[in-house]
Amino acid sequence: MAEPTQDLTTIAHVYGPSQTSLAISMLKAHGIVVVPVGPQHISVAWHYSVALGGVALRVPASQAEDAQEILKGFGAPVRRFNLIAAAFMVFAFLLAGVAVPPRALYLAERSASSGQIRS
């Protein structure tokens, strides 16, 4: 098992308390050390989760690839910018005055050239 003092890499962002717990449990069950950054604001003020960027799940760099594979099995999409979805969210906000929440769990994107995980 890796030591939590190694360099940590953000592998995913989670926006819901139940999804945060499930993702952490899945990673720990596979022997991966996971450090959630900011889970307290999700449990206390969930409506601020979008503004605060959700909960970042960080793992040792040596386990990052394995952790992403595990979370892919959880059904987590890779976060990519989508102009149509962004326009819909802005329109919904202007029309109703309420922000549309993102999906619960997004994997960090890998750089095509270096293979490094970008958050």
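Summary table
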| item | result |
| --- | --- |
| Residue pairs meeting the criteria (Cβ under 8 Å; at least 6 apart or on separate chains; first over 24 Å from Glu69 (Cα atoms), in segment 22-46; second of a type outside the set (D, E, K, R) and part of a helix (DSSP H, G or I)) | His41/Tyr48; Ile42/Pro17; Ile42/Thr20; Ser43/Pro17; Trp46/Pro17 |
| All positions within segment 47-64 that are in contact (Cβ under 8 Å) with a residue 40 or more places away in the chain and farther than 13 Å from Leu105 by Cβ | Val50, Gly53, Arg58, Val59, Pro60, Ala61, Ser62, Gln63, Ala64 |
| Within segment 1-56, tally of residues that are surrounded by 12 or more Cβ atoms within 10 Å (Cβ to Cβ), in a loop (DSSP other than H, G, I, E, B) and at pLDDT below 90 | 11 |
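The values are calculated or read from the model by the stated rules, or taken from the named source; none is laboratory data. Model, not experiment: these values are computed from the prediction. Positions of Cβ are generated from backbone atoms using ideal geometry, with glycine treated the same way; all protein chains shown enter the neighbour counts.
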